[in-house]
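Asks: The structure follows.
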Amino acid sequence: MRSYLDHLECTYCGSKFNVDEPHRTCSDCGKVLYPRYDLEAARKALPRDTLAGRRPDMWRYFEVMPVRDEANIVSLGEGFTNIFPAKRLGRELGLEGLSIKDEGLNPTASFKARGLSAAVSKAKELGLTRLTMPSAGNAAGAMSAYAARAGLEAYVFMPRDAPEANMKEASITGAHLTLVDGLISDAGVLSRREAAEKDLFDVSTLQEPYRVEGKKTLGYEIAEQMGWTLPDAIVYPTGGGTGIVGMWKAFEEMEQMGWIDSKRPKMYCVQAEGCAPIVRAFDRGDEFAEPWQNAQTIAAGMRVPGAIGDYLILRALRESGGSAQTVTDEEILEWMRKVAGLEGIFVCPEGAATAAAVPKLLSRGELSPDDTVLLLNTGSGLKNLELVSASG
Ligand SMILES: *Cc1c(COP(=O)(O)O)cnc(C)c1O
Ligand SMILES: [Zn+2]
């Protein structure tokens, strides 16, 4: 198999870069770089039926993945997670066609596995050996796991109050873990300093071009698993937004390859009331999102005060006819219990946030009861045991 990878392109100014050397962001404007593929050639060589019988993970889409040599794939079985119809939850919410894509089934128990499998594979292919990242959560665990599997060195900088599961998974897979007294931004300062001193490659999301390629496979899978008909709406818990912009990229690529038509789901971004920069920017009609002050929420994956890909998220929401919605931490906890009790899926707080957003979207008339709606449960609640009690 061959990848149709062609070049890197800036999503803001359009500058092009060589894809066979390491790049992070655009050297002309500082914005996000996307890998681009020769989709004309892929269209001829790759009718969607050729996927049948391929490996049941995200690398089944190898031709539109950024790795040139299959031998460089670093995999733990990420992706191709189940989409479960959610009848009982749907009845509770007043939706006939509700389903949940359960990303808690991924290696390292979150969908960060997709992005880090792609980024670590490409780092290996480019000859990079030492990776770093500031993280307060699942990204660090995933980077550490994939780096271990590839035999690369991982450096992780974490706030001391990060979830226990994330510290332990980084530690047990042999990452150099530094606990920082302070916030994720303080961890970022340390990570950048060490990166400069020790020549480490920073794989913070959308600040290197490949994690989004892992996350975009969500979009490929949703189309393939739903029989090449996309749902009417997708509800996504948004932090850095890599998943939502990744799906949007996937839909465009699939249309260019003739795999789907031009109909798109309405894309809904959910954030916590205590950290909602994208919701605020969407409501104001802004192109970029101002950083959120004093970000606070129990959902670590959505505690992202400023996202470098803000303009890409906002574009996707607007082009899709979707919108952005906040939920409270109390609602998140309430819906963790409801989803688990109704569907048997122990969702993470971020996944619960998508369910909590549905009644609001229905009452605002943005969703209608006969819409087919897909919720993304981005991780397993088993990584957040500190949030639930065994009683009541
Ligand atoms: C990182 C994370 C998110 C947010 O993902 P983005 O692509 O950064 O928006 C949501 N849920 C969980 C469990 C996460 O770890
Ligand atoms: Zn640029």
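The values are calculated or read from the model by the stated rules, or taken from the named source; none is laboratory data. Just so you know, these numbers come straight off a predicted model, no measurement behind them. Cβ atoms come from the backbone with ideal geometry, glycine included; neighbour counts cover every protein chain shown.
Asks: Quick one: which residue in D181, D202 is within 23 Å of the chain's Cα centre (by Cα) and among the acidic types (D, E)? Let's see the steps before the verdict.
Replies: Details: D181 fails: within 23 Å of the chain's Cα centre (by Cα).
After applying the criteria, what remains is D202.
Asks: Does K215 satisfy the criteria of being within 10 Å of ligand 1 (Cβ to nearest atom) and assigned to a helix (DSSP H, G or I)? If you could, list the steps in order and put the result at the bottom.
Replies: Working: within 10 Å of ligand 1 (Cβ to nearest atom): yes; assigned to a helix (DSSP H, G or I): yes.
Criteria met by K215.
Asks: Next question. State yes or no: is V32 closer than 18 Å to G214 by Cβ, β-branched (V, I, T), within 16 Å of ligand 2 (Cβ to nearest atom) and in contact (Cβ under 8 Å) with a residue 60 or more places away in the chain? Please lay out each step first, then the result.
Replies: Numbers: closer than 18 Å to G214 by Cβ: yes; β-branched (V, I, T): yes; within 16 Å of ligand 2 (Cβ to nearest atom): yes; in contact (Cβ under 8 Å) with a residue 60 or more places away in the chain: yes.
Answer is yes for this residue.
Asks: Evaluate the range 2-9: report whether one residue or more is touching a strand residue (DSSP E or B) at 6+ places or on another chain (Cβ under 7 Å), within 16 Å of ligand 2 (Cβ to nearest atom), not acidic (D, E) and not assigned by TED's automatic domain parsing to the domain that holds P369. Break it down stepwise before answering.
Replies: To start, the set of residues in the range 2-9 that are touching a strand residue (DSSP E or B) at 6+ places or on another chain (Cβ under 7 Å) comprises 4-9.
Filter again for within 16 Å of ligand 2 (Cβ to nearest atom), leaving 7-9.
Right, trim to not acidic (D, E) and you get 7-8.
Next cut, not assigned by TED's automatic domain parsing to the domain that holds P369 only: 7-8.
Yes - at least one qualifying residue is present in the range 2-9.
Asks: Still on this structure: Which of (1) surrounded by fewer than 16 Cβ atoms within 10 Å (Cβ to Cβ); (2) within 16 Å of ligand 2 (Cβ to nearest atom); (3) of a type outside the set (A, V, I, L, M) is the odd one out, the single condition P22 does not satisfy?
Replies: (2)
Asks: With respect to the numbered conditions (1) part of a loop (DSSP other than H, G, I, E, B); (2) at pLDDT below 95; (3) not small (G, A, S), which one is the sole condition not fulfilled by V189?
Replies: If we test V189 against (1) part of a loop (DSSP other than H, G, I, E, B); (2) at pLDDT below 95; (3) not small (G, A, S), just (1) comes out false.
Asks: With the structure loaded, tell me whether G182 is outside the structural domain of I244 (by TED's automatic domain parsing), within 23 Å of L387 (Cβ to Cβ), surrounded by fewer than 20 Cβ atoms within 10 Å (Cβ to Cβ) and in contact (Cβ under 8 Å) with a residue 12 or more places away in the chain or whether it fails that test.
Replies: yes
Okay, residues lined up against (1) part of a helix (DSSP H, G or I); (2) not β-branched (V, I, T):
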site: M1; (1), (2): no, yes
site: C13; (1), (2): no, yes
site: T25; (1), (2): no, no
site: G30; (1), (2): no, yes
site: A42; (1), (2): yes, yes
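Asks: Out of the residues in the range 257-280 that are among the small types (G, A, S) and buried (at least 22 other Cβ atoms within 10 Å of the Cβ), state the one that is nearest to V388 (Cα to Cα). Working first, answer last.
Replies: Pass one, the range 257-280, residues among the small types (G, A, S): 258, 262, 272, 274, 276.
Going one step further and asking which of them are buried (at least 22 other Cβ atoms within 10 Å of the Cβ), we end up with 272, 276.
Numbers: A272: 18, A276: 24 Å.
Ranking the qualifying residues of the range 257-280, first place goes to A272.
Asks: For the range 7-19, give me each residue that is within 16 Å of ligand 1 (Cβ to nearest atom) and surrounded by fewer than 19 Cβ atoms within 10 Å (Cβ to Cβ).
Replies: So the first thing to find is which residues in the range 7-19 are within 16 Å of ligand 1 (Cβ to nearest atom), and the list is 11.
Within the range 7-19, no residue meets the criteria.
Asks: Kindly indicate the residue of the range 221-272 that is among the hydrophobic types (A, V, I, L, M, F, W, C), touching a strand residue (DSSP E or B) at 6+ places or on another chain (Cβ under 8 Å) and part of a helix (DSSP H, G or I) and also farthest from ligand 2 (Cβ to nearest atom) among those meeting that condition. Write out each step before concluding.
Replies: From the range 221-272, those among the hydrophobic types (A, V, I, L, M, F, W, C) are 222-223, 226, 228, 230, 233-235, 244-245, 247-248, 250-251, 254, 257, 259-260, 267, 269-270, 272; that's our starting set.
Now narrow it down to the ones that are touching a strand residue (DSSP E or B) at 6+ places or on another chain (Cβ under 8 Å): 222, 226, 233-235, 244, 247-248, 267, 269-270, 272.
From the residues that got through so far, the ones that are part of a helix (DSSP H, G or I) too are 222, 244, 247-248.
Working: I222: 29, I244: 21, M247: 22, W248: 19 Å.
Ranking the qualifying residues of the range 221-272, first place goes to I222.
Asks: Only one residue in Y34, Y4 is within 16 Å of ligand 1 (Cβ to nearest atom) and in contact with a helix residue (DSSP H, G or I) (Cβ under 9 Å, 6 or more places away or on another chain). Which one?
Replies: On the way: Y4 fails: within 16 Å of ligand 1 (Cβ to nearest atom).
Only one candidate passes the filter, namely Y34.
Asks: Just a yes or no: is a residue in the range 99-113 free of Cβ contacts under 8 Å to residues at least 12 places away in the same chain, at negative phi and either within 16 Å of ligand 2 (Cβ to nearest atom) or in contact with a helix residue (DSSP H, G or I) (Cβ under 6 Å, 6 or more places away or on another chain) (or both)?
Replies: no
Asks: Residues G322, G341: which one is surrounded by fewer than 20 Cβ atoms within 10 Å (Cβ to Cβ) and over 25 Å from N166 (Cβ atoms)? Let's see the steps before the verdict.
Replies: On the way: G322 fails: surrounded by fewer than 20 Cβ atoms within 10 Å (Cβ to Cβ).
Residue meeting the stated conditions: G341.
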